[in-house]
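The values are calculated or read from the model by the stated rules, or taken from the named source; none is laboratory data. What you see is a predicted model, and the numbers here were worked out from it, not measured in a lab. No Cβ is skipped: glycine too gets one built from the backbone with ideal geometry, and neighbour counts run over all protein chains shown. Each accessible area value is taken on the protein alone, full model and side chains, heavy atoms only, with ligands, DNA and RNA left out. Shrake-Rupley method; radii C 1.70, N 1.55, O 1.52, S 1.80 Å.
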Amino acid sequence: MSIVPKETIEVIAQSIGVYNLSSDVALALAPDVEYRVREIMQEAIKCMRHAHRTVLTANDVDSALNLRNVEPIYGFASGDSLRFKRASGLKDLYYIDDKDVELRNVIETPLPKAPLDTSVAVHWLAIEGVQPAIPENAPVDAVSDGRRSEYREDGISVDIRLPVKHVLSKELQLYFDKIRELTVSRSNSTVFKQALLSLAMDSGLHPLVPYFTYFISEEVTRSLKNFSLLFALMRVARSLLRNPHIHIEPYLHQMMPSVITCLVSKRLGNRFSDNHWDLRNFAADLIASICTRFGHVYQNLQSRVTRTLLHAFLDPTKSLSQHYGAIQGLAALGPSVVHLLILPNLELYLKFLEPEMLLEKQKNEMKRHEAWRVYGALQCAAGLCAYDRLKTVLLRPPKQSRWESNRKGKRKASMDNLMLQPPVKKMATLGPMGVMPVNSMAVNMQGPSGGFSTPVEGPRAGVSMLRHLQNEKMLRREVSSQALKTSTVLAQAWKEDAEGGHLLASLYELFGESMFSFTRKSELYFFL
């Protein structure tokens, strides 16, 4: 029994012009129509599911008809679901309510614009943190060149440079606000450590560099009594310097004063428990890394830093904590700086420091502690400098003089050549003692007649003698020049050895046996 009644078959037959279809034929066609309809609908449902939709549309039915090689139904291309209405007077007859459209209105309707092909367009969003004024970007308010003309009372026009608007994306603004919040209020949290790691590794942070440098300089200026904030700011500065994707050279002039302030400031923090010594050590290492990395870019960077630190070290009006920071900064710049700037002033400074270290002359325990801190910094700097000087003396590899090796090689080569010569030529060349005699132009050989002297191979022996003399002259010249160079090198080495020994002796008189703690035990055996 088919679900399609025979009346439906008759109505369909009448719609295509068949009016005399019998009831038996309609009843026989009904099961076949049901099978075909089910088959088309199953294919249409498959198309709907492949399109990831839950509503069956007329396009799905058209796709199913195409799969079955059946001509699609025209006029039902709407994506919306169809709405059927029941025919009046008939129980099971439905139709689609279509609006009548006049052909004139369709012809006069303007054609829609053709859809554009999918493409990718590239433009600059920002260059060095500044958004360029191009149609693809959002309009910038300041379109002028940043200058404004004003007239004074005397009628002379003056050009005033207007501030340039720096455009930041919302994501970068949120990032900066979050880093600033963590630095100020949550510098001991794990999230702050992750933020420092992000500052040291992430790319795309260059637009925020002027904001970070300004933030560091402002907070250091007004927060010298907040030790935890100062330490967090120095850690932020170190992370920015470690980021390989950031071009930070133009902003060093804003960052260096903040770092030097944390190194040689008179007071850092407002509590006795604040370990400002660690902060000064951290700032010293930071300054050394800046000079090492950017010294070739700014030729006077290290000279200006050393001048500032030397002035703080030699100024007797500065506090001992400032002296400590200056010593640590100079020591971090390398043993050469210590040898040139600290050691010549060491003896006089220790005379100035000695009263501050004795209990009889300094009753303030805090100042005595500061004096001993400065003494330890001087001892460490001098010891490492002495060890660096001694390494060049103790660990210098033995070198064989170049002229000796060349001389041995040449002699060996000449002997090998002599071994290959014929016996007569060898005898003529070597002579009785193996040295070419000056008057041996020929060798007297007793001939068969009359005892006359007959020269044997005279021309060949003379040529070999001249060549040998020329070789001896060239060898003597080379030996003399190499000996002169070697004597110069040895004199320089002896001078360095003497300076190293005098340096160690003078430091031993000032600091005692503590100087030996900076040298390895295996290297101290050279003094036994």
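Projected label points at residue 174 and residue 348, each 7 Å from Cα along the beta carbon direction, are separated by 6.1 nanometres.
Segment 178-212 and segment 285-310 have Cα centres spaced 25 Å apart. A full extension of the chain between residue 266 and residue 292 corresponds to an added length of 6.7 nm, given 0.36 nm per residue minus the alpha carbon distance.
Annotation: extensible slack from residue 21 through residue 113 equals 28.1 nm (criterion: 0.36 nm per residue apart, minus Cα-Cα distance). Potential lengthening of the chain between residue 70 and residue 391 amounts to 106.0 nm, from the contour at 0.36 nm per residue minus the alpha-carbon distance. Model label sites at residue 37 and residue 188, defined 7 Å from Cα along the beta-carbon direction, differ in position by 8.0 nm. Solvent-accessible surface of protein heavy atoms, probed at 1.4 angstrom with all chains present, puts 368, 38 in the order 38, 368, largest first.
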